[in-house]
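Heads up: the structure comes next, in structure tokens.
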Amino acid sequence: MNRLIFIAFILFSAGVSGQQPVHYDTPFMQDYSVKYYSSESPEKIGSDRNGSIRILTRSGLQQPVNGHFLYPGSFIRDNFYRTAAQKKTGALALVNGQLVFADETHLFSQAWAGSLFIKTPFPKVSLMAGDEQLNFMVSDGRQLALLRDSRVIFNESHSADPVLDIRYHNGYFWVLKKTGVFRCSLATPRLTAVVQGRQFTAFDLSANGQTLLIGTSDGYLEYDLLSGRSETRTRVPVTEITAVKVIGDKAWFGTPQGAFSVQSDGTINYYYGERWLPSNDVTRIEKGPENSVLILTGKGLGQIHFKPMTLAEKADFFDRQVRSRHIRNGFNATLTGMEKGDPATGYLSDSDNDGLWTSMYLAGEAFRYSVTGSQQALENCRESLDAMERLYSINPVPGFPARSFERSGYIRVLADPNRWQNAADPEWSWKSTTSSDEAIGHMFVFGVLAELVNDPGIRGKAILLMDTLMSHILKNDLYLVDYDGKPTLWGKWNPSYVNGFPENVGDRKLNSSNITAMLQTAYHFTGKEKYRAKALELLYRHGYLDNLMRPMKTIGVTPEGGDSYAQMLSEAWNHSDDEMYFLGYWGLFRYALNDTLKAAYRESILDHWEAERPEKDGLWNFFAALTGSRQFDLENAIWYLQEHPLDLIQWEVRNSHRKDIEKIPDNFRRQTLKTVLPPDERPVQRHNANMFILEKEKGNGVSELSAGDIWLLPYWMGRYLGVISP
């Protein structure tokens, strides 16, 4: 959500034809949240110059404790000063970097040797602000008083139009009421109207003191104090403003549906849901310690931290995430069954795509090893390749890869119990019905391992497995044949199946592209002529070259009256197909049978990438870079990597209510917005999902996805291709 505080020095060609741009990995600001939950209805919050945070609740002063990233803390009673613990504190304010409090009779502080002790002009002070000389303006909402040298110099009633907030800035006390903003000074101790309006709700002043930012029930007002000109901003995520605070070069706004910040260039960052906040009903925002922002809500505190971080450091962070809680028997797995987003309560789940997600993670580790020589990466490759190998040996069908495997006795609690079979080994079960997305994932990573990992055992195993899989497919007439002797639903590349679709149905293009890539990969590493011959036969005799070269703009809905199966497959764009295409492009382009085909493949890959550019998926951009193209949207790829949240828990996310997004009409590609939202403002998704999805409503805090395929693969691929610097 740093929105490219992205000091991305991009080096373009310096007189060298064809040189690709490179991102130099300098630190950016990575944000993340530490949450503290409370049932005490927090009202005010402040942090002093020592970093101590105090929260005013209906039960008195409290402090946040034991909060860590992903592991929320709570509030406890503030007992640091025993003499103050029993006071009925009604207000707090930050003055000269110190916290000042008000109880029923006095203003007091523990700073300045405890010398501040001023009698209040009325009980139950709830609002106050102080200047550098410890003069104060206080209010209970209906009365307003100014205190100079502990003496009251004015005291007014405002019961008809209550006081909502008080600030001090640059010699003036500023007062917010529903109908306007007023100010006064010690020299002129009377309220003077600065700007009048209606439905004012919150306010603050810009850092230079020249602009008032006033929240309303319909957007916020920017009022220039020098010119007297004002402008109302309503193109914001939520227009009902409940809190305003200027912190550094950002203006922060609270709403009943989360918080958002506005940078000086107008860039908006939106913080919604428990990825960031205990609840969305924001009541107060204040500056926190160590470059953090304190966002108070009805259910607690969200402390948003901003940490300088390079992509390499983010990769280290995500590597620890994967290795500590996302490896199941060597598979790259999802942590699920969590209670309220607590990773310690979850379990590693099986998946239809254990082989696919593991292939993607494993490829990332192979790229990492190739670039860094990391022995840890090599061991990770070895461990996950062992899991991939066992997919072939655990079932009785030669060359057929299982979807997954698990210890026996648990089929009834696994995903899709009807797809599971008992293995010959009574201790294990395996999952059948393997599909084409698994197959292309396998062939992608086997090719990457065979080419890039110079370990004889790993390379030999990868080549053996690709030969095993492709021999099965060729033996069975270009079908994946399951334990029951029948082709699986999706494992079909035979011309009678592929060319049975109308030309505008995506599966005809996709399956042609994938099987060509798979055959080329097998031929490249095994040297077996049967793979080359079959690839050429499909390309030229059965029209697979024409199929895969067909432009993406021709893919669409099956015409009325067409085959019902084709109509079902072409109801809308299938983003899982995108993942299959791009993983296949490694073998399609890199292991092309000749330069003529390679040039044609390059054209097809870049045509597909052009269609995908609005999604700004970093992985697709790096596959475009694979072709050698100088244009592959490096800036958007880095944006994808930098903007990805550290928190990959699947929290509830909503965006359709936002007033700052531009929606577009329904379309075949299911693109909902003119411009895609940053990854940390939308649901956590794998690359096979629609990046324009606005909502995630179910399963709040139940699962955490692995960064292995989502983030580490594109990062390490970018490093391998040399378009991201160390």
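The values are calculated or read from the model by the stated rules, or taken from the named source; none is laboratory data. These numbers come from a predicted model, not from an experiment. Note: ideal-geometry Cβ built from the backbone for every residue, glycine included; neighbour counts use all protein chains shown. With ligands, DNA and RNA removed, areas are computed over all heavy atoms of the protein, side chains included. Shrake-Rupley method; radii C 1.70, N 1.55, O 1.52, S 1.80 Å.
Mind telling me which of the residues R368, R382, R284 ends up being touching a Leu at 6+ places or on another chain (Cβ under 6 Å) and outside any loop (DSSP other than H, G, I, E, B)?
Working: R368 fails: touching a Leu at 6+ places or on another chain (Cβ under 6 Å); R382 fails: touching a Leu at 6+ places or on another chain (Cβ under 6 Å).
Result: R284 is the single residue among R368, R382, R284 that is touching a Leu at 6+ places or on another chain (Cβ under 6 Å) and outside any loop (DSSP other than H, G, I, E, B).
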Worksheet, complete the sentence: Within region 563-591, the count of residues that are open to solvent by 10 Å² or more (accessible area, probe 1.4 Å), touching a residue at least 60 places away in the same chain (Cβ under 8 Å) and small (G, A, S) comes to 2
Worksheet item: Does R275 meet the test of being basic (K, R), more than 28 Å from S41 (Cβ to Cβ) and either open to solvent by less than 20 Å² (accessible area, probe 1.4 Å) or modelled with pLDDT of 95 or more (or both)?
Response: no
Practice prompt. Test R630 against the stated conditions and say whether it is open to solvent by 10 Å² or more (accessible area, probe 1.4 Å) and modelled with pLDDT under 95.
Written response: no
Worksheet entry | Qualifying residues in region 498-519 (those that are over 33 Å from the mean Cα position of the chain (by Cα) and farther than 27 Å from N594 by Cβ) - the one least open to solvent (accessible area, probe 1.4 Å) | F501
Item to complete: Check K340 against each of (1) open to solvent by less than 50 Å² (accessible area, probe 1.4 Å); (2) within 23 Å of the chain's Cα centre (by Cα); (3) at positive phi and name the one condition it does not meet.
Response: (1)
Discussion item. Quick check on T255: is it over 23 Å from D680 (Cα atoms) and either among the polar types (S, T, N, Q) or open to solvent by less than 40 Å² (accessible area, probe 1.4 Å) (or both)?
Written reply: no
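Could we say that E231 is closer than 26 Å to E652 by Cα, open to solvent by 20 Å² or more (accessible area, probe 1.4 Å) and among the charged types (D, E, K, R) here?
Values: closer than 26 Å to E652 by Cα: no; open to solvent by 20 Å² or more (accessible area, probe 1.4 Å): yes; among the charged types (D, E, K, R): yes.
No; evaluated as a whole, the condition is false for this residue.
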Practice prompt. Return the pairs, sorted by first residue and then second, in which the second residue is crowded, with 19+ Cβ neighbours inside 10 Å and aliphatic (A, V, I, L, M), the first residue lies in region 369-393 and is free of Cβ contacts under 8 Å to residues at least 24 places away in the same chain and more than 29 Å from H472 (Cβ to Cβ), the beta carbons are less than 8 Å apart, and the residues are 6+ apart or on different chains.
Written response: A377/A366
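For region 118-166, give me each residue that is in a loop (DSSP other than H, G, I, E, B), within 17 Å of A93 (Cβ to Cβ) and either in contact with a helix residue (DSSP H, G or I) (Cβ under 9 Å, 6 or more places away or on another chain) or of a type outside the set (A, V, I, L, M, F, W, C) (or both). If you could, list the steps in order and put the result at the bottom.
The initial filter retains those residues of region 118-166 that are in a loop (DSSP other than H, G, I, E, B), namely 120-126, 131-135, 140-142, 149-150, 158-162.
Okay, now just the ones that are also within 17 Å of A93 (Cβ to Cβ), so 120-122, 124-126, 131-135, 140-141, 150.
Scanning region 118-166 gives T120, P121, K124, S126, D131, E132, Q133, L134, N135, D140, G141, S150.
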Worksheet entry | All positions within region 93-117 that are open to solvent by less than 40 Å² (accessible area, probe 1.4 Å), under 20 Å from H169 (Cα atoms) and in a loop (DSSP other than H, G, I, E, B) | G97
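Would you mind finding the one in K299, K307, K340 that is modelled with pLDDT under 95 and charged (D, E, K, R)?
On the way: K299 fails: modelled with pLDDT under 95; K307 fails: modelled with pLDDT under 95.
Among K299, K307, K340, only K340 is modelled with pLDDT under 95 and charged (D, E, K, R).
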Worksheet item: Which one of the conditions (1) touching a strand residue (DSSP E or B) at 6+ places or on another chain (Cβ under 8 Å); (2) at pLDDT 95 or above; (3) surrounded by fewer than 23 Cβ atoms within 10 Å (Cβ to Cβ) does H657 fail to meet, given that it meets all the rest?
Response: (1)
Practice prompt. Quick one: count up the residues across region 604-622 that are open to solvent by 50 Å² or more (accessible area, probe 1.4 Å) and closer than 23 Å to Y720 by Cβ.
Written response: 1
